[in-house]
Amino acid sequence: MIRYSNITAPLEYNDGWLRLWLSQKMKISVSDIKEVTLVKKSTDARKKNDICFVLSVNISVKNETEVLKKNKNNKNVSYIKKEKYLLPQTVALPKRPVVVGFGPAGMFAALYLAQCGVKPIVLERGYDVDSRTKKVKDFWEKGELDTECNVQFGEGGAGTFSDGKLNTGVNNPLSKIVFNELVRHGAPAEILYEAKPHIGTDKLSETVKNIRKDIISMGGEVLFGAKYLDYKEKNGRISAVIYEKDGKEFIIDTDNLILATGHSARDVFYTLNDKGILLTPKNFSVGVRIEHTQEELNKSMYGEFYNHPALGAADYKISVHDESGRGIYSFCMCPGGTVVASSSEKETIVTNGMSMFRRDGTNANSAILVGITPEDFGNNSLDGIAFQEKIEKAAYIAAGKSYKAPCCKVGDFLSGTKTSLNGSVIPSYKPGVSLVLPDEYLPEFVSDALKFAIPEFGKKIKCFKNPDALLTGPETRSSSPVRIVRNEKLYIDKVKGLYPAGEGAGYAGGIVTAAMDGLKCVMAIVGR
Ligand SMILES: Cc1cc2nc3c(=O)[nH]c(=O)nc-3n(C[C@H](O)[C@H](O)[C@H](O)COP(=O)(O)OP(=O)(O)OC[C@H]3O[C@@H](n4cnc5c(N)ncnc54)[C@H](O)[C@@H]3O)c2cc1C
């Protein structure tokens, strides 16, 4: 198979253009080209008057050896072996393994365990994705929060109601497994070649369901409304798991437990802490979500091409350090999306972002976060959680004891004046917003860092200068404030067979790295 990289293609390119271009560059006839497969596609918008795509393709041609010889001096032409996608071999375990949490880490761990033939049992405190969607809607539309089933808890985990961005920045064979399995279970094929792949909430919900059905078809079980409470151990090894369902307690005997409960399962952290399991504080970030109209962002990023159909909704990634060296950066940017109510505890407000696959919403939003370290919140293992909670509760109170999140215009925040919503951007947050400046619920050093950063961002992206842009907050759950310490074999030293996994355990940040961490724990269990 031949790979041709770094192809600069016009926005209007199509398959016919590509084949003609390749035949001219490789000095072969178009009819010699059998198959062209896109393997990488990115947008080059550095020159606003000449935006183009950069592509890499795999090509199968007639007389491959001759064609390679003819193009041996072309550094963009290379020979690659066709990759075979292999499922894991069957193994035997004395007892069925248990996976707690059906977020990306738990989901991929359970899928891999099922593919190994060991019939995993999954415990998920929230409900299946369809029932969960109803619960989330009840919160967004009526302010009725279910603390066991919400944007943080339920089938698919925290990332189900999201933009489903899949960029990781890590180049690891495990990420290939994650991407291939997502596509095998219904995710759009574009994620295999887009430089910035995303699935969107609508497609992610279906993909998650298909993974669940596949696990069950291989003899696994996925129990919803099943809340992990505690574990039992014998001679320093896990021996059983205790969970609650429909008000009753149950016990499952097992030798292996993957605990993938995410960054919002604070009760799990408290239980582990009470049992003397070693937890350490971890850096994380807090801030607010900024919202612009997507059109104004597209104009800032694409200039005259702002509404070119081939480009779609623009995104951005931006960061700066203030005088003290503290980092302020954009996070989890959701083009054509909405700001979503992501609380999991009563009388708290937490924001995050979500988009559908088409990213065709009116607004663009992103978290603007300030880096936080134990120096800011304390060195005890759970101090970070207390720091988050304080902000989330303060926001609820500042919002008049309602779930209508604090919101203001950027101009009013920077000038410290009373805010209003009579600007060019309409807030997308449901169940509605309250007119409150971030100073009323964020620590002063965080507000100050944001006041420093936003004008700095305006020097790089024009729409950040718009005083009508909105700030809705607080954004406190960017990653886990706690790490559950595990050894190089990935289990807790004190309890053999207990594998803390994913974002909540402090070993991942995002959908793909969480899924990869789930796979790693399974490989540790099945000895691969
Ligand atoms: C709104 C939103 C948007 C996001 N957007 C993106 C994005 O676009 N791209 C990206 O890469 N990341 C995104 N993230 C982050 C991403 O979702 C997480 O990094 C990822 O889901 C972490 O996976 P995990 O499996 O480790 O934990 P989680 O996804 O948090 O899953 C943990 C699961 O464990 C369950 N659980 C917790 N306690 C118990 C218990 N006691 N018993 C049984 N089950 C329990 C929970 O209900 C949950 O389903 C977003 C997060 C949110 C909230």
So how much slack lies between ALA92 and SER424, counting 0.36 nm per residue of separation and subtracting their Cα-Cα distance, in nm? 113.4 nm
Rounded to the nearest 0.05, FRET efficiency between ASN6 and ASN487 (Cβ-Cβ, R0 41 Å) equals 0.45
Potential lengthening between ASP44 and GLU221 on full extension [0.36 nm per residue; Cα-Cα distance subtracted]: 59.2 nm
Taking each full run of DSSP H in the chain as one helix, which ones are at least 24 Å long along their axis (Cα atoms) and have mean Kyte-Doolittle hydropathy of at least -0.5? 444-460
When the convex hull of the Cα atoms of segment 178-226 is projected onto a plane and the area is averaged over all directions, what value comes out in nm²? 4.0
Provide the per-residue ³J(HN,Hα) series for segment 279-285, in order, calculated from phi with Karplus coefficients 6.51, -1.76, 1.60 and θ = phi - 60°, each as a whole number of Hz, with x at glycine and proline positions. 10, 10, x, 9, 4, 8, 9
Sort the following peptides by mean Cβ neighbour count (other Cβ atoms within 10 Å, averaged over residues), highest first: 382-389, 517-524, 44-51, 99-106. 99-106, 517-524, 382-389, 44-51
To the nearest 0.05, the calculated FRET efficiency linking ASN283 and LYS494 through their beta-carbon distance, R0 being 30 Å, is 0.75
Solvent-accessible heavy-atom area per residue, rounded to whole Å², over the chain at 1.4 Å: 43
The distance between the Cα centres of segment 230-309 and segment 360-396, in whole Å, is 14
Show me 474-482, 17-25 ranked by packing, highest mean number of other Cβ atoms within 10 Å first. 474-482, 17-25
What fraction, in whole percent, of alpha-carbon pairs in segment 2-79 exceed 16 Å separation? 48
Given 20 °C and 1.002 mPa s, compute D for segment 283-475 with the Stokes-Einstein relation, Rh being the Kirkwood radius over Cα pairs; round to the nearest whole µm²/s. 128
Assign unit charges at the C-beta atoms only (+1 for Lys and Arg, -1 for Asp and Glu), then state the dipole size of segment 2-79 relative to its Cα centre in Debye, rounded to the nearest 20. 320
In nanometres, what is the gap between the two model label sites at SER29 and GLU440, each 7 Å from Cα along Cα-to-Cβ? 7.5
In nm, to one decimal, how far is the modelled label at ALA386 from the one at SER60, with both set 7 Å along Cα→Cβ? 6.3
What full-extension length gain, to one decimal in nm, is calculated for ALA310 and ASP202 as 0.36 nm per residue of separation minus the Cα-Cα distance? 36.8 nm
List the lysines whose Cα sits under 19 Å from the Cα of LYS401, skipping any in the same chain fewer than 8 residues away. LYS142, LYS346, LYS390, LYS393, LYS430
From Cα coordinates alone, what are the radius of gyration and Dmax values for the chain in angstrom? 24.5, 74
Once the dipole of segment 26-152 is set up with Lys and Arg at +1 and Asp and Glu at -1 on Cβ about the Cα centre, which of MET107, THR133, ASN76 lies farthest towards its positive end? ASN76
Point-charge dipole on Cβ atoms (K/R +1, D/E -1) for the chain, about Cα centre, debye to 20: 1940
Segment 316-414: spread of alpha-carbon positions along the three principal axes, whole Å, largest first, is 44, 35, 29
Could you pull out the GluC sites (Glu not before Pro) across segment 62-125 that fall in loop regions by DSSP (anything but H, G, I, E, B) with no more than 11 other Cβ atoms inside 10 Å? GLU83
The chain, helix-only ellipticity at 222 nm - DSSP H runs n ≥ 4, -39,500 (n - 2.57), divided by all residues, nearest 500: -9000 deg cm²/dmol
Pop the C-beta distance of ALA189 and ARG237 into the FRET formula with R0 = 45 Å and round what comes out to the nearest 0.05. 0.55
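The values are calculated or read from the model by the stated rules, or taken from the named source; none is laboratory data. Everything numeric in this text was worked out from a predicted model, so none of it was measured. Positions of Cβ are generated from backbone atoms using ideal geometry, with glycine treated the same way; all protein chains shown enter the neighbour counts. The area values use the complete protein model at the heavy-atom level, side chains included, leaving out ligands, DNA and RNA. Shrake-Rupley method; radii C 1.70, N 1.55, O 1.52, S 1.80 Å.
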